[in-house]
Number of protein chains: 2
Amino acid sequence: MKTNKNCVIRLSRYKNALYRLKSLGFVKIFSDNLADAVGVTATQVRKDFSQFGISGTRKGGYQIDDLINNLNRLLGKDEIHKVVVAGIGNIGTALLNYKGFEKESIKIIAGFDINTVKQNAAGEIPVFPIAEMENFIRQNQIKIGVIAVPDFAAQQIADTMIQAGVKGILNFAPMRLHGPENVVINNVNLVLELENTIYFANAVIKTGVVGQLTASAQPDGV
Amino acid sequence: MKTNKNCVIRLSRYKNALYRLKSLGFVKIFSDNLADAVGVTATQVRKDFSQFGISGTRKGGYQIDDLINNLNRLLGKDEIHKVVVAGIGNIGTALLNYKGFEKESIKIIAGFDINTVKQNAAGEIPVFPIAEMENFIRQNQIKIGVIAVPDFAAQQIADTMIQAGVKGILNFAPMRLHGPENVVINNVNLVLELENTIYFANAVIKTGVVGQLTASAQPDGV
DNA sequence: TATTATATGTTCTTTTTTTCACAACATTGG
DNA sequence: CCAATGTTGTGAAAAAAAGAACATATAATA
Ligand SMILES: NC(=O)c1ccc[n+]([C@@H]2O[C@H](COP(=O)([O-])OP(=O)(O)OC[C@H]3O[C@@H](n4cnc5c(N)ncnc54)[C@H](O)[C@@H]3O)[C@@H](O)[C@H]2O)c1
Ligand SMILES: NC(=O)c1ccc[n+]([C@@H]2O[C@H](COP(=O)([O-])OP(=O)(O)OC[C@H]3O[C@@H](n4cnc5c(N)ncnc54)[C@H](O)[C@@H]3O)[C@@H](O)[C@H]2O)c1
């Protein structure tokens, strides 16, 4: 089966929407409601579910609890994913402080920095010297790393992480990282996101319409 | 002409790669070099340029300086874009501290927060009470706003921004914001990015290959 | 238990995006 | 000045993604 990035992103969105709907008291849901909540078509919802072997009942729609369980299983939420962060500056600190990862079965278990001022082995989430990162990753069998160091240090940190066994990297440094084929590197480039927003906002300002953009052109969910 | 989000993102990437190549001493470039640098095919580069009316010379490739100028013009870099940030917490502070926006003609001119502790009208980038945001946006004709407040406050802040004339919003709150058709809302959901990285990393771990994923499935540039 | 209304699952189309292939043409070197 | 070389620009083809339509199963109802 072929998997496609947009599809996986939608699964995550479905899951988030379902949590919200559940908290509102819903117990079951139909493809068109969910589609509305997420901003796609009902067919797309059913196709996505079908693709991943999730099925509802022909008249009763989908049980929200079942759906959430299924999505969590597909998205690997049946276990807690341990993550390390390299570079405890502005972005790194923001991530360490953020409380919203827990409920997604994500746990940042340590930070690493070159600057002794940032280091604090006794913190709620400990921050260790960067030199200890490789060993730590190995010993704790960490598979996911976040890179929040300046761009000039990013590739080296990535290499170390990969060397130690990391298979997925979320990179905030504004540059393309290189790695072997069997490591996933996801770049979040905030400058680019802002640039992009500006571009489309200008397009709207100039033309007065969003209609000139293709459907997928809308930067996001509007 | 139809414009497409991915295409615009690629334009930004080309531009970034070109700056790097220029700093390495390159003066002209061929579509295949640039393609390599960005991680797309040479045809794609030429198609994109062609689409936006950028042309090179049949044997000499493209002049990097011309290309950068063209891309900057297309991306609206001929003027400085003023941006305000609502919510000067972890993320908001990171953005205010970041020095990398300037060289992209983006200038964060003010922050706004509900918490008096965060306010500081005398800072390099001043932080004002949130109540003053609407007026400030109007008076300074700000078109772009960043939302970095907790999710429960996000929609209200968005409404105020839009009310005051903002046409593009970069939203960090993990929720879908609603707005009129002629306002662009770009959601950056960091939890989702991490989830996604984890999903694809797991796929790699389980199957040993990325080959099962379609081209666009690779979360990013690898 | 039969009927009916209704939402799913899936096939078939349409649209969008990417890649292929090559003619056109600029540069370089004789 | 001409041929050889090599890169662009683009129409045509292929691939991928999204959407429409509908046959089919099933919950509700009588
Ligand atoms: N802050 C933003 O808003 C923003 C926006 C866009 C991109 N980024 C990018 O995100 C990354 C992090 O940004 P930031 O604002 O948090 O930077 P920062 O300067 O605040 O923090 C960087 C941290 O990395 C540490 N560091 C430096 N070299 C290191 C090394 N070799 N090993 C380990 N740690 C090292 C530093 O001590 C510092 O604590 C940068 O690449 C930046 O370009 C940040
Ligand atoms: N920090 C992260 O790593 C992270 C990760 C994923 C998502 N997010 C999201 O990004 C947003 C910001 O995150 P953060 O970590 O910076 O949060 P934070 O709590 O550190 O900061 C929020 C700021 O907004 C201010 N605020 C609250 N209500 C306000 C209002 N009505 N008007 C103006 N200001 C108001 C607060 O005073 C605070 O300074 C949140 O929605 C969060 O869910 C953050």
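The values are calculated or read from the model by the stated rules, or taken from the named source; none is laboratory data. Since the structure is predicted, the reported quantities are computational estimates derived from the model, not experimental observations. FYI the Cβ positions are ideal-geometry reconstructions off the backbone, even for glycines, and counts take in every protein chain you see. Keep in mind that these areas ignore ligands, DNA and RNA; they rest on the heavy atoms of the full protein, side chains included. Shrake-Rupley method; radii C 1.70, N 1.55, O 1.52, S 1.80 Å.
Secondary structure note: in the protein assembly as shown, about 15% of the DSSP beta bridges are antiparallel. Spin-label model, A:Asp65/B:Gln141: points 7 Å from Cα along the beta carbon direction are separated by 5.8 nm.
Cα-based values for the protein assembly as shown, radius of gyration first and Dmax second, are 22.0, 65 Å.
Classified by the C-alpha gyration tensor, the stretch A:5-74 has a rounded form. Its axis ratio a/c, with a ≥ b ≥ c, is below 1.5.
In terms of distances greater than 29 angstrom between alpha carbons, the cross-link table entries A:Lys22/A:Lys107; A:Lys77/B:Lys143; A:Lys15/B:Lys206; B:Lys28/B:Lys167; A:Lys167/B:Lys107; B:Lys22/B:Lys143 yield A:Lys77/B:Lys143; B:Lys28/B:Lys167; A:Lys167/B:Lys107; B:Lys22/B:Lys143. Think of a 1.4 Å ball rolled over the protein heavy atoms: the stretch A:1-138 then has 54 Å² of accessible area per residue.
The residues A:Ile109, A:Ile68, sorted by heavy-atom accessible surface at 1.4 Å with ligands and nucleic acids left out, run A:Ile109, A:Ile68 from largest to smallest. When chains B and A come together, the accessible area they lose, probed at 1.4 Å and totalled over both chains, is close to 6800 Å².
Taking all protein chains together and rolling a 1.4 Å probe, B:Asp78 ends up with roughly 120 Å² accessible.
Measuring nothing but protein heavy atoms, the accessible surface of the stretch B:60-168 at 1.4 Å probe radius is 49 percent carbon and sulfur. Each of A:Tyr199, A:Tyr19 has its accessible area taken with a 1.4 Å probe; listed largest first, they run A:Tyr19, A:Tyr199. Each of A:Met175, A:Val40, B:Met161 was placed along the dipole of the protein assembly as shown (beta-carbon charges, centred on the mean Cα), and the one lying farthest toward the positive end is A:Val40. What longest range of chain A stays clear of loop-exposed GluC sites (Glu not before Pro) (DSSP non-H/G/I/E/B, at most 16 other C-beta within 10 angstrom)? Maximal segment without exposed cleavage sites: A:1-78.
Across the identical copies, the label point of A:Gln63 (7 Å from Cα in the Cβ direction) is separated from its matches by 6.9 nm, in order from shortest.
B:Phe26 contributes an accessible area of around 100 Å² to the protein surface, as traced by a 1.4 Å probe with all chains present. Taking amide H as placed 1.01 Å from N in the peptide plane, A:Val146 has its amide H under 5 Å from the amide H of A:Val84, A:Val85, A:Ala86, A:Leu170, each at least 5 places away in sequence or on another chain. Under a 5 Å amide H cut-off, with hydrogens placed 1.01 Å from N, B:Asn120 pairs with B:Val127, B:Phe128 among residues at least 5 apart or on other chains.
Computed extension length for B:Thr41-B:Tyr19: 6.0 nm, one decimal, from 0.36 nm per residue of separation with the Cα-Cα distance subtracted.
Rounded to the nearest Hz, the phi-derived 3J(HN,Hα) couplings of the stretch B:32-43 under the Karplus curve 6.51 cos²θ - 1.76 cosθ + 1.60 (θ = phi - 60°) are 6, 5, 4, 4, 4, 4, 9, x, 10, 8, 4, 4, where x marks glycine and proline. Loop sites here are trypsin sites (Lys or Arg not before Pro) outside DSSP states H, G, I, E and B with no more than 15 other Cβ atoms within 10 Å. The longest part of chain A free of them is A:100-222.
Each copy carries a label point for B:Asn6 at 7 Å from Cα toward Cβ; from one copy, the others' points are 0.7 nm away, ordered from shortest.
The other copies place their A:Gln141 label points at 6.1 nm from this one, listed shortest first, where each point is 7 Å from Cα along Cα→Cβ. Each residue of the stretch B:97-105 is assigned a 3J(HN,Hα), and the resulting list reads 7, 6, 9, x, 7, 3, 6, 9, 6 Hz, derived from the Karplus form 6.51 cos²θ - 1.76 cosθ + 1.60 (θ = phi - 60°), x at Gly and Pro.
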